[in-house]
Amino acid sequence: MSQAADRRSPILVFASISFLLIWLLMASFPFLWTLWGSFKVQGDFFSKADWSYAIFGVRTIAETGAPFTGAGYYGAWVQEEFWRAVINTGVVVVFVVIISLTFGALGGYALSRSNYRYVFWLLMLALIFRAMPHITLVSGYLLPFFEWNLWGHLSTTVIVLVAINQPFTLWMLHSFFQNIPKDLDESAMVDGCTRFQAFRYAIVPVMWPGIVTTGLFSFLLAYNDFAVTALLLTKENQTMVPKIAGFLGSTQTEGNVMFAVASVVSATAPLFVLVIFFQRQIVSGLTAGAVKG
C-alpha cells in the first residue's frame, strides 16, 4: 500500500517537469535576450523591419563584418567610463552593508533580549519609517546637504541609504535573534564571557545565515537604488543605475541605447554570481524562523 502511495503518476511527473521548464524559460528569457542583444548593433536589436535581425545579426554583419560585436561594451566601459560608476557602486554598497549589519545586529540583539514595552513601539516606528517612499525621505535631506556643502559626495549617499535601510535590518535581525534561546548567551556568560563576548562567540555563529540573508537584502537596496543616488550624486560620482538611466535618457545620441544594454548586462551578472555563491546561506536564513525550538 505504501509503495503504491509513493509511486507517482507519469502524467503528474511530466506536467511538473514541463511547468518547471516553462517557468525557468520565462524567468531567464529577458536576461538571455538582453545578453544576446548586447553583442549586436542598434539596428539589429531594435529593428522595426524584422525581429529576426536581432537573432541573426544581419546589420551587425554588414557594419562590422561579424555576427557579434563588443562595441556596446567598449563604448560603455571605455568611451563613457562606466567603470567609474561600477567603482562608486562598490564603495556605496560595501559601506551600506557593513554599517547596516553592524548597527542592525547590535540593535536587534539588544531589542530581542529586552523586556521593556518600548521595544514594540520602537519596532513599529521603524516599520513606519521604512514604509515611507524614499523620495519623501530624500527631499528632507536636500536643504541641509546644500547648506553644509555635503551634496554630491558618496559618503552622503551612504548615510541616507543606511538611514533608509536600518529599520529593515533591525526588523529582520530582531526576528532572527528572537528564535535563538536566551539560554545560549546566558550559558556563555556563566562560563565567563561578557555580554558582548557572548554575543560575538555564541550568538553570531548561530546567526550567520540570518546575517548573510539580511546583508544580501541590504546589498540589493544599495545596488539597485535610483531615487537616492540620482538626487544626491553629481554626474562624476554617479552609481550604475543612474548612469544607465542617463544612457536611456539620451537615446537620440548614436550608440547610447546599446551602451545601456551592455551596462545592464554588466550590472546584472554580478547578482547571479552573488546569489549562486550564497544560495545555501540565503535558504537557511529565510527558513531559520519557520520552526522554533
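The values are calculated or read from the model by the stated rules, or taken from the named source; none is laboratory data. Just so we're clear, the structure is a prediction, and the values are computed from it rather than from any experiment. Cβ: placed from backbone, ideal geometry, glycine included. Neighbour counts: every protein chain shown. These accessible areas exclude ligands, DNA and RNA; they are computed on the full protein's heavy atoms, side chains included. Shrake-Rupley method; radii C 1.70, N 1.55, O 1.52, S 1.80 Å.
Summary table below
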item: Gyration tensor (alpha-carbon) shape descriptor, the stretch 3-69, a/c threshold 1.5; result: prolate
item: For the stretch 123-190 versus the stretch 207-222, the gap between their alpha-carbon centres in whole angstrom; result: 13
item: Options Tyr53, Pro181, Leu221, ranked by Cα towards positive dipole end of the chain, top entry (Cβ charges); result: Pro181
item: Proximal aspartates and glutamates to Lys243, defined as alpha-carbon separation beneath 15 angstrom and excluding residues fewer than eight positions away on the same chain; result: Glu80, Glu81, Asp225
item: Share of carbon and sulfur in the accessible heavy-atom surface of the chain [1.4 Å probe, %]; result: 70
item: Loop trypsin sites (Lys or Arg not before Pro), the stretch 109-138, which have at most 11 other Cβ atoms in a 10 Å radius of their Cβ (DSSP); result: Arg117
item: Net length gained if the chain between Ile61 and Leu106 were fully extended (0.36 nm per residue, minus Cα distance); result: 10.4 nm
item: Label-to-label distance, nm, for residues given as Arg200 and Tyr118 (7 Å Cα→Cβ offset); result: 2.7
item: Mean Cβ neighbour count within 10 Å, used as a protection proxy, ranking 241-248, 17-24 highest first; result: 241-248, 17-24
item: Overall form of the stretch 86-161 per C-alpha gyration tensor (a/c, 1.5; a/b vs b/c); result: oblate
item: Surface accessible to a 1.4 Å probe, per residue, for the residues of the stretch 3-69, Å²; result: 77
item: Assigned charges on the beta-carbon of Lys, Arg, Asp, Glu; the stretch 3-69 dipole about Cα centre (debye); result: 160
item: Nearest-10 value in Å² for the accessible area of Val86, using the 1.4 Å probe; result: 50
item: FRET efficiency estimate (nearest 0.05) - Cβ-Cβ, Gln279 to Leu32, R0 25 angstrom; result: 0.80
item: Shape of the stretch 1-146, Cα gyration tensor, a/c cut at 1.5; result: oblate
item: Neighbour net charge for Lys40 - beta-carbon separation under 14 angstrom, K R +1, D E -1; result: -2
item: Segments 64-72, 25-33 sorted - mean Cβ within 10 Å per residue, highest first; result: 64-72, 25-33
item: Loop-located trypsin sites (Lys or Arg not before Pro) in the stretch 1-77, at most 16 other Cβ atoms within 10 Å (DSSP); result: Arg7, Arg8, Lys48
item: Net charge, Leu154 excluded, C-beta distance under 15 Å - Lys, Arg +1, Asp, Glu -1; result: +1
item: Computed lengthening from Phe146 to Thr268, 0.36 nm per intervening residue step minus Cα-Cα distance; result: 40.6 nm
item: Chymotrypsin sites (Phe, Trp or Tyr not before Pro) within the stretch 141-201, DSSP loop, no more than 16 other Cβ atoms inside 10 Å; result: Trp148
item: Reported label for calculated Cα Rg over 2.2 N^0.38 Å given (1) 0.95; (2) 1.56; (3) 1.29; result: (3)
item: Hits among aspartates and glutamates - C-alpha to C-alpha of Lys40 under 13 Å, sequence gap 8 or more where chains match; result: Glu63
